[in-house]
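A short write-up of the structure that comes next.
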Amino acid sequence: MMSPVLGMSFLALVLSGGAWAFAPIGGGASTHVSITEKAVLQKVTEVCRAIAESEGRDFTPTGNSAEELVQACLGPKATGEVSAAKFKSALNEIYIQNGQVDRDFVNSPAHHFNSEAFALGRRLITDGVASIKANIQKENFLAARETLGRVLHTLQDFYSHSNWVDLGYTEPYANLIRPDLPLENLADVKTPTCSDCANGGFCSNSILPNILNEKKLTSGYMGILSSAKPKGKCSHGGAADLTSSKAPRGGISKDERRSDNVALHTAAVTVATTATLQLLDDIRGAAGDNNYLRFMGVARSSVVVFVIDTTGSMSDDILEAKRVVYEIIDSKKGTQDEPSQYILVPFNDPEFGPLIKTTNPDVMKAEIANLTADGGGDLPEMCLSGLQLALTGAPASSNIYVFTDAIAKDIELKETIVALIRSTKSTVSFFMTGDGARRRRRGVESSEATFETYKDLALASGGQAISVTKENLPQATDVIIDSSTSALVIVLQRARNPGRAETFSFLLDESLNNITIYITGKSLTFTLKNPAGVTQKQNEANGKLGTVQTVGNLYRVRLATDKHTGLWEISMNSNQPYTLKVTGQSTIAFIYNFVETFDGPHPGYALISGRPQAGMPAMLLVSVLGRKGPASVKVADIALVTVSGSEVVGGTLEDMGNGDFLVTVTKVPAGEFVVLLNGTDVVSSTVFQRQSTTQMSVSKVTIKAVVDRSMEPGKPFTLPFTVMTDATGGSYKISASNDRDFKMNVPGSIAVTTGGNSTGEMTITVPANTPSGTDVTLTIEAVAPGASDSNYAVLRLSVVTKVTSDICTDRYKYTAQKNKGNT
């Protein structure tokens, strides 16, 4: 199949040349994405219904969208708003990895069941399923979803690229997901399988009658760089397949619905869908219904993540963190705001961790009650190491809260933290109860060792850096209560450094509830004005528009419930740096990813792991969620906006249906930017505004690496990577870190020519006692000469204990030697 680009949005990208392609960019209903979506939604529906029946309640979705399915599955369990953002993100993660198989493994017969590579193709599936199950058991759901996407591509390709449906089979080949069963009746490498197609294209009945009569299993050979194939063998077919011009000419692929294969194409789609359902059911059986839904992102959106300094001076802070956790647990129980997961990461010096994850609130209460303040010694602590654990262990788009009174000793991790923030789109807020101005030991300059590091990280993530005394800390932690909520959205976020007088406008729509404005800064004044012209100043604690709470450098403005919809304004005045953030609760939201095109026989779109490339148009896949599915919102425009400036660059929108948009921005703003979306809520007929939180920027440096297998306990794992640059060449500094502290051998630098690229490799050694199912987040950074530019790649690897067996058949050995460059 061709590449299943990032979601249903790409089904309509190419409508010419076959509207029924068994490929993602051909449109119609027969694609990797549509097959996967149909099966995933059906299986999630089955699981939600089963759970509802076991709990004695109804399960009645109002429609077939992701939003309506999640609302029916979770809504009746508790009061409050239910967001489908996690589910939609999970679906896109599966689609992305599915599509990237056509980029990352274009020359691998096994990944596509081409060239009769049945044994190795089956091994990819069974190893992948084992990894998925192990990851789910360890609650490493993101790693499991990424593996699922790749496995499903290979599984679905079997029915399009082999002669399974030509043989008359209408049910999936169960042996593909059963490693204990043999692959039977495979055509020998010396056995001819096809007759010549004189027109050089596709002919019906190309497969030899004896192959069909004897039920011999074969697949088409595919040559991208070579036309070589064994004598008499079928080809995949198509313009990109060089073997299709060598007798026997033609091809047996059912990727597209053509006049010669309508019935076979339809049969392949049907069986591939059933096979996908069977594989998902196998995973469900191993995971259990509740964990299966968490694996699929069907969970309340609120996750509480605490990173807490436990050195000797932190007793009061720990007591306050404990109080906040207890209040969240006790006050939000039975509502949709009740967290779906609790995460705790303590840090000290030199120790940090472990990361503690639980869905049980009583376990979280016990864990945080066990924290004690002790040790530390010199002032700097291992704050960023603890934060790294939280960013890699928490779900994407989490709200993380760091409590500390000390500067960071491990400041060398700052760029790794920024990379992880951008990769996960998580928000990090700091509660700083020290002055942060004392220098680190060993002569490190104080500019590197103040709380400015935390302020930079908070700004990059869209969080707050709150400076407060230990006595006033309890007044500041209302921020945590506010954001520990379901369906949290950002309406506006801006920062000014240095500060200046400026008026900011923002739209409030009818769907928004619990609207809160956060301002951090010193020596500032502000005036808030609603659409009717009513105003309130910063010194009015209880005004006509809401309440104003001041603690430390934080102003918290909670708007009254009888808000006015429409255009609001807030006029800020300060010559000191300040930040402004407007939040609320609403199920109208959006998620996005930066993407890039890739070429090959099956071109498509792939996720950009690091910063987008400078000097090129930026492309985004944006998925918009409405209150009653995608039809309940209308998008007006999507733009990139500088957080610290006033530049707004609109993008060209291509509506792909199903709430998905491909956005192209020809001129990317200079500096750090976020995504701003404006539209109309059809339900209330009010206009809305939503903004992303994570700051992004472009780079002339690109670093890429592909994870093509899992890691094994006790064995070194070698990972090649490539650094490319559109800027001046020279020696590029390479650094890498992983969240498991596994030993690594990383080259310190790599030479890259101007406008060129260079390849290196690193080795990770996995300890022999590492449990199967452990996930490892690896961050690689490349820094240009003179630190003028940099970029990063964030990869997720799984550790899986292998079951050894010899699967390298004579046929595949021949293929590997004679058909290099195949897919």
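The values are calculated or read from the model by the stated rules, or taken from the named source; none is laboratory data. In this text, all values refer to a predicted model and were calculated from it rather than measured experimentally. Don't worry about glycine lacking a Cβ; one is built from the backbone with ideal geometry, like all the others, and counts go over all protein chains shown. Note: areas computed on protein heavy atoms with side chains; ligands, DNA, RNA excluded. Shrake-Rupley method; radii C 1.70, N 1.55, O 1.52, S 1.80 Å.
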Residues of the chain: accessible area per residue at 1.4 Å, in Å²? 37
Label-point gap, in nm, between Glu672 and Ser315 - each point 7 angstrom along Cα→Cβ: 3.7
Taking the stretch 488-586, the equivalent ellipsoid from its C-alpha gyration tensor has semi-axes in Å, biggest first, of 21, 14, 13
For a quick check of understanding: with a 1.4 angstrom probe and all protein chains in place, what accessible area in square angstrom does Asp317 have, to the nearest ten? 0
Assuming R0 = 35 Å, what is the FRET efficiency of Asn472 and Ala366, from their Cβ-Cβ distance, to the nearest 0.05? 0.80
Phi angles of the stretch 423-434, converted by Karplus (6.51 cos²θ - 1.76 cosθ + 1.60, θ = phi - 60°) into ³J(HN,Hα) in whole Hz with x for Gly and Pro, give 5, 8, 6, 7, 9, 10, 10, 10, 10, 10, 10, x
Contact order relative to length for the chain, counting C-alpha pairs under 8 Å separated by 6 or more residues, stands in percent at 13
Could you derive backbone 3J(HN,Hα) for the stretch 223-234 from the dihedral phi with the Karplus parameters 6.51, -1.76 and 1.60 (θ = phi - 60°), listing whole Hz in sequence and x where the residue is Gly or Pro? x, 8, 10, 9, 9, 5, 7, x, 4, x, 7, 5
Run down the lysines and flag those whose C-alpha is under 21 Å from the C-alpha of Lys233, throwing out any fewer than 8 positions away in its chain. Lys190, Lys215, Lys216, Lys246, Lys254, Lys813, Lys818, Lys820
Roughly what % of Cα-Cα distances in the stretch 589-691 sit above 19 Å, to the whole percent? 45
Please give, to one decimal in nm, the separation of the simple spin-label points placed at Glu712 and Asn757, each 7 Å out from Cα toward the Cβ. 2.9
Pairs from Lys38/Lys357; Lys365/Lys522; Lys522/Lys700; Lys322/Lys581 whose Cα-Cα separation, in the structure shown, is over 29 Å: Lys38/Lys357; Lys365/Lys522; Lys522/Lys700
With just the Cα atoms of the stretch 32-296, tell me how far they stretch along each of the three principal axes, in Å, largest first. 66, 36, 33
For the stretch 288-360 and the stretch 251-282, write down the distance between their C-alpha centroids in whole Å. 45
Net charge (Lys, Arg +1; Asp, Glu -1) of residues whose beta-carbon lies under 12 Å from that of Lys332, Lys332 excluded, is -3
Ordering His111, His153 by accessible area with a probe of 1.4 Å, largest first, what comes out? His111, His153
Expressed as a whole percentage, what fraction of the accessible surface of the chain belongs to carbon and sulfur atoms when a 1.4 Å probe is rolled over the protein heavy atoms? 49
So, relative contact order of the stretch 488-586 in percent, Cα under 8 Å, 6 or more apart, is 52
Length released on extending from Ala198 to Glu540, taking residue separation times 0.36 nm less the Cα-Cα span: 114.6 nm
Once amide hydrogens are built 1.01 Å from N within the peptide plane, the residues lying 5 or more places from Phe590 or on another chain with amide H under 5 Å from its amide H are Leu625
Rounded to the nearest Å, the spacing of the alpha-carbon centers of the stretch 196-236 and the stretch 111-129 is 19
Within the chain, what is the longest stretch that has no GluC sites (Glu not before Pro) placed in a DSSP loop and near at most 11 other beta-carbon atoms within 10 Å? 472-823
Please give the FRET efficiency for Leu567 paired with Lys322, using the beta carbon to beta carbon distance and R0 = 35 Å, rounded to the nearest 0.05. 0.25
For the chain, what is the calculated [θ] at 222 nm in deg cm²/dmol (nearest 500), taking -39500 (n - 2.57) for each run of four or more DSSP H residues and dividing by its residue count? -8000 deg cm²/dmol
J(HN,Hα) series, the stretch 146-163, from Karplus relation 6.51 cos²θ - 1.76 cosθ + 1.60, nearest Hz, glycine and proline x: 5, 5, 4, x, 5, 5, 5, 4, 5, 4, 5, 5, 3, 7, 8, 9, 9, 9
In whole percent, what relative contact order does the stretch 589-691 give with Cα contacts below 8 Å and a gap of six or more residues? 26
Starting from the Kirkwood Rh over alpha-carbon pairs, what translational D in µm² s⁻¹ does the stretch 114-237 have by Stokes-Einstein at 25 °C and 0.890 mPa s? 154
Using unit Cβ charges (K, R positive; D, E negative) and no other charged atoms, how large, in debye to the nearest 20, is the dipole of the stretch 488-586 about its Cα centre? 340
Ser227 and Asp260 label points (each 7 Å along its Cα→Cβ direction) are spaced in nm at 1.8
Going by Cα centres, the stretch 443-517 and the stretch 595-666 are how many Å apart? 26
